[in-house]
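Here is the structure we will look at, set down as C-alpha cells.
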Amino acid sequence: MRWTITGIIISYLIGSIPTAFIFGKLLKGIDIRNFGSGNVGATNALRVLGKRAGVLVLFLDIVKGIIPLFIAQKMLSRTGLSPEILLILMGVSCICGHNWTIFLNFKGGKGIATTLGVLIGLAWNTPGLGLIILELILIWILVFLLFRIVSLSSVLSALFLPFFTIVFRQSLTIIISSAILTVFILIRHKHNIARLLQGKEPCLNFGKKS
C-alpha cells in the first residue's frame, strides 16, 4: 500500500507541472492565465506564445502522461496490485494533477494531451488500445479540419473513447476507466460546450498570435 500511495503522489506531482505557465514565464515573462483563453494548456500556448511553443507544450504534456505509466511498470512487484489497476490509478492521478495542479491553486489545463499520454502508456500492456488511440486521433483531426475548433474535436473524440473500448472488447476495468476519463474531459470543457451550443466558441487561427 505504501508503494501504491507513493506512486499516486508522484504521478500527481508530475501531472501538476504547469508546462504552458512555465513557458509563458520563460519566453515572454507573462502569466499565460491572463491571456487568450486563460487556460494553461497547449492550445492557449499556441495562441499566446506561438506555434513552436504550442507544439512543445503539447509534446511535453503528452510525455507527462507517459512517464507515470513507465514508473508504474517498475513498481509492479512492490505494490501487489494487478498491472492494469496500478497503471490506471497512476494515470488518472497524473491527469488530475494536470487538471487541478497544486502549483497554480488547483487550476490547470483541460487534460487532453496528458490523457493521450496516459492512453499511450496503457497501450504498452493493453492489446487493442493502440488502435483505439489511432482512431481517436483521426476523429480529432477530421473534426478539426472541418470546423477548426479544438474544443469540439476534443469533446467528440472523448465521447468516442468509452464506445471504442466496448466495441474492441477491452476489459471492464478499461471500459470504466475510459468513461471516467471522458467525464473528466467533459467537466473541464463545460464552458466550451456552453459556447459551442451558443455558436460562440472561437476557431483556432494559425496565422496570428494573441
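Pairwise over distinct Cα atoms, reciprocal of the mean inverse distance: report the Kirkwood radius of the range 32-186 in Å, one decimal place. Can you show the working numbers first?
Numbers: mean 1/r = 0.0626 Å⁻¹.
So the Kirkwood estimate lands at 16.0 Å.
What whole-number value in Å² describes the accessible area per residue of the range 1-85 for a 1.4 Å probe?
Values: 4410 Å² over 85 residues.
For the range 1-85, the solvent-accessible area averages 52 Å² per residue.
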Separation of the Phe106 and Lys74 label points, Cα + 7 Å toward Cβ, nm
3.0 nm
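For the pairs Lys64/Lys190; Lys25/Lys51; Lys110/Lys190; Lys28/Lys51; Lys107/Lys190, flag any whose C-alpha to C-alpha distance is greater than 18 Å.
Numbers: Lys64/Lys190 24 Å; Lys25/Lys51 16 Å; Lys110/Lys190 10 Å; Lys28/Lys51 14 Å; Lys107/Lys190 15 Å.
As for pairs spanning more than 18 Å Cα to Cα, those are Lys64/Lys190.
Keeping all protein chains in place, calculate the accessible area per residue for the range 104-187 (probe 1.4 angstrom), answer in Å². Present the calculation step by step, with values, prior to reporting the outcome.
Details: 4070 Å² over 84 residues.
That works out to 48 Å² for each residue.
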Taking 0.36 nm per residue of sequence separation and subtracting the Cα-Cα distance, how much length would be gained by fully extending the chain between Leu196 and Leu159, in nm to one decimal?
11.8 nm
Apportionment of accessible area to carbon and sulfur, the chain, percent (1.4 Å):
70 percent
Calculated from DSSP helices alone, with each H run of at least 4 adding -39500 (n - 2.57) and the total divided by the residues of the chain, [θ]222 nm to the nearest 500 comes to -24000 deg cm²/dmol
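Just want to confirm a number: the relative contact order over the chain, from Cα pairs under 8 angstrom separated by 6+ residues, in percent.
Reported as a whole number, the value is 22 percent.
The values are calculated or read from the model by the stated rules, or taken from the named source; none is laboratory data. The structure displayed is predicted, hence computed values, not measured ones. FYI the Cβ positions are ideal-geometry reconstructions off the backbone, even for glycines, and counts take in every protein chain you see. In case anyone asks, the SASA skips ligands and DNA or RNA and just uses the protein heavy atoms, side chains included. Shrake-Rupley method; radii C 1.70, N 1.55, O 1.52, S 1.80 Å.
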